[in-house]
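Novice: Dropping the structure in here first, questions after.
The values are calculated or read from the model by the stated rules, or taken from the named source; none is laboratory data. The structure presented is a predicted model; accordingly, all values stated were derived computationally and were not measured. Note: ideal-geometry Cβ built from the backbone for every residue, glycine included; neighbour counts use all protein chains shown. Side chains are part of the model used for accessible areas, which takes the heavy atoms of the whole protein and leaves out ligands, DNA and RNA. Shrake-Rupley method; radii C 1.70, N 1.55, O 1.52, S 1.80 Å.
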Amino acid sequence: MASTQTTPPQRCDTRYFGPVEYSEESVMVFPDGIPAFEQEKRFLALRQPINEPMVFLQSIANPSVCFATLPALAACPHYQLSMAPEDLDALGLETDRQPAIGRDVLCLAVLSLEENAPPTANLLAPIVVNLNTLRGCQAIQTDSPYSHREVLPLREAACS
């Protein structure tokens, strides 16, 4: 009789969400880190119903490193991802076609939330994660119509 062993959950301390339990299978790995945070290679995607559709990329190693992101298609419904062949190769994706957002990759725009300014999203250099391997990178797009500071429309809160 074969026994199935499950690894106990790991624990990640976070600055904003307290301790978070996770499984090793849910860790997103960024072999080269994220620009300006090259030492941060392992992240969790944290979601909270109150903040949907935002996704928080939390560094496992550093509780203070957490990126507020938004799925690129939530920021721009007609968003077109255009990755360089070297980024596709680094993520283990086919280099002869662009990956499909939601089927092949998770595509996240890093948010900038500054006081007295509208929120913006970096659609020029999205965070892209291969959904099969959870390998990720920040894919800087050249010749892109998008900006690193795309203004997001503010939504009115519904009151009852």
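Novice: Calculate the tail of P(r) for the stretch 12-52: the fraction of all Cα-Cα distances greater than 17 Å, expressed in %. Could you put the intermediate results ahead of the total?
Specialist: Values: 356 of 820 pairs.
Pairs farther apart than 17 Å: 43 percent.
Novice: Take the Cα coordinates of the stretch 81-140, assign each an equal point scatterer, and use the Debye formula without solvent to give log10 I(q)/I(0) at q = 0.12, 0.15, 0.20 Å⁻¹.
Specialist: Ignoring solvent entirely, the Cα scatterers give -0.31, -0.44, -0.69.
Novice: Using a 1.4 angstrom probe on the protein heavy atoms only, could you order T133, T142 from most to least accessible area?
Specialist: Details: T133 80, T142 105 Å².
If we order T133, T142 from most to least accessible, we get T142, T133.
Novice: Which of G33, G102, G136 moves most in a GNM of the chain, Cα contacts under 10 Å?
Specialist: With Cα springs under 10 Å in the chain, the top fluctuation among G33, G102, G136 is at G102.
Novice: Counting heavy atoms of the protein chains only and a 1.4 Å probe, report the per residue accessible area for the stretch 40-160 as a whole number of Å². Could you put the intermediate results ahead of the total?
Specialist: Numbers: 6810 Å² over 121 residues.
I get 56 Å² per residue for this part.
Novice: Next question. Heavy atoms only, probe 1.4 Å: what % of the accessible area of the chain goes to carbon and sulfur, would you let me know? Spell out each step's value before the answer.
Specialist: Details: 5180 of 9910 Å².
Carbon with sulfur: 52 percent of the solvent-accessible area.
Novice: For the chain, what is the charge dipole size about the Cα centre, in debye to the nearest 20, if Lys and Arg each add +1 at the Cβ and Asp and Glu each add -1 at the Cβ? If you can, show how the numbers build up before the last one.
Specialist: On the way: 10 positive and 19 negative charges, 75 e Å.
Using Cβ point charges on Lys, Arg, Asp and Glu, the chain gives about 360 debye.
Novice: So what is the orientation-averaged projected area of the stretch 14-151, using the convex hull of its C-alpha atoms, in nm²? Intermediate results must be reported in sequence, preceding the final value.
Specialist: Details: hull surface 34.7 nm².
Across all orientations, the stretch 14-151 yields a mean hull projection of 8.7 nm².
Novice: Counting other Cβ atoms within 10 Å of each Cβ, which GluC sites (Glu not before Pro) in the stretch 33-111 have at most 15 and sit in a DSSP loop?
Specialist: Values: sites: E38, E40, E86, E94; in loops: E38, E40, E94.
Passing both the DSSP loop test and the Cβ count: E38, E94.
Novice: A further question on this structure: Return the single residue from V65, V110, V55 with maximal mean-square fluctuation; model: Gaussian network over the chain, springs between Cα atoms under 10 Å.
Specialist: Among V65, V110, V55, the largest mean-square fluctuation in the Gaussian network model of the chain belongs to V65.
Novice: Which residue, chosen from Q48, P63, M28, occupies the Cα position most advanced towards the positive end of the dipole of the chain, where the dipole is computed from +1 (Lys, Arg) and -1 (Asp, Glu) charges on Cβ about the Cα centre?
Specialist: Highest projection toward the positive end goes to Q48.
Novice: Further question on the same structure: Any idea of R97's accessible area? Nearest 10 Å², probe 1.4 Å.
Specialist: About 90 Å², rounded to the nearest 10.
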